[in-house]
1. Going by amide H atoms built from the backbone, whose H comes under 5 Å of the H on residue 270, apart from near neighbours?
2. Within the chain, which complete DSSP H helices have Cα atoms spanning at least 18 Å along the helix axis and a mean Kyte-Doolittle hydropathy of 0.0 or higher?
3. Can you compute the modelled spin-label distance between residue 160 and residue 332, with each label point 7 Å from Cα toward Cβ, in nm?
4. Taking only C-alpha pairs under 8 Å that are 6+ residues apart, what is the relative contact order of the chain in percent?
5. Return the percentage of antiparallel bridges among DSSP beta bridges fully within the stretch 26-86, rounded to the nearest 5 %.
6. With n ≥ 4 as the cut-off for DSSP H runs, can you work out [θ] at 222 nm for the chain, using -39500 (n - 2.57) per run divided by the number of residues, rounded to the nearest 500?
7. Just to be sure I understand, if you calculate Cα extents along the principal axes in Å for this structure, which of (1) 111, 46, 37; (2) 69, 57, 49; (3) 70, 48, 35 do you get?
8. Just the number, please: percent antiparallel of the DSSP beta bridges in the chain, rounded to the nearest 5.
Amino acid sequence: MSQELVQAVMVLTKQKGFSPEVIFDSLEAALLQAYKKETDANDQAYVELNRETGDFRVFAKKTVVETVEDSNTQIDLDSARKLDLRYELGDTIEVDITPKNFGRSAAHTAKQMLMQRLREAERSIVYEEYYSREGDIITATVERIEGRNIFINLGKTEAILPPTEQIPGETYQVGDRIRCYIVEVKRTTKGPQVMISRTHPGLLKRLFELEVPEIYEGVVELKSVAREPGMRSKIAVYSRDENVDAVGACVGPKGQRVQNIVDELHDEKIDIVKWNEDPTIYIANSLSPAKVVSVTVNEDDKTSRVIVPDYQLSLAIGKAGQNARLAAKLTNWKIDIKSESQAAEAGETAAEGEVSL
């Protein structure tokens, strides 16, 4: 199997991307397993495979003794000197113990074992590659569509984009190249399972990191993300440099940066608000584009009361409560919104912790 074996290793090297040494090591291990199935196999045996010719032999290390008590680990002096007259008692020597007619049977068994080992090694390599990219974006191709499930070709493996992870209203065609967020990578008996999403808040965050140099460089920090996929999102940003406008950096010249992201997310509307360590200011900002009159906060239970002008109430709450809901997710505060008229009718007056804006 000599030269054919070497050629097969080279083919596998090119096809699978393994180094030749990895394949040769796996083949040696497979040959050893094949040998151990032989009758009276030596437990101390090991296999050496010539990387150039493909020839292989089975060896065992044995100690030269006068009287052999364990044939697996010992050899008598007369037998040792038949191999080399220089051997003395106590020497450790390598003895060729390759069985007769071992080559053909070993080749068949080793081939099966090798293919199994290579499959496992390939799965491990793919797992490690995608596991290291958890929380990152990958550009992939729509391979096929079965029902509502979209099968995505990631390059070295396949992933499923289930309906729950698809942006509502977005349609896909075979051959489309789309950006997905790698949520999680799991080991399974069938190989790595890559969980991807188009709806995860992390996708929006990574898109801004890729689109806005100031975020990538760490000058602008993206503090929080709240998202209702395909409809509307809010992000809170903060600038570490007083000379850099965090919101302006994310919007970009003529709004191009944020527009690129909106286009990527099926026209999802994106509100960019300025983060502030003062929760009253932050909550007011989070309700953008609505204007706020005052904000009262209760630090103990993280609740807030917001008063807005009468004509801004519907805008502050948003369609089906969307604006208020996203603001609450963004800030992690409960937000109760009232108009000035409603507040007056309820007899609510300025309270401790209230800030007028």
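Every number here is computed from the coordinates shown, using simple stated rules; none is lab data. Predicted, not measured: the structure shown is a model, and the values here were computed from it. FYI the Cβ positions are ideal-geometry reconstructions off the backbone, even for glycines, and counts take in every protein chain you see.
1. Answer set, sorted by chain and number: 233.
2. Qualifying helices: 2-16, 20-35.
3. Inter-label distance under the simple model: 3.4 nm.
4. 9
5. On the way: 5 of 8 bridges.
For the stretch 26-86, the DSSP antiparallel bridge percentage is about 60.
6. Value at 222 nm, helices only, nearest 500: -10500 deg cm²/dmol.
7. Evaluating Cα extents along the principal axes in Å on these atoms matches (1).
8. 75
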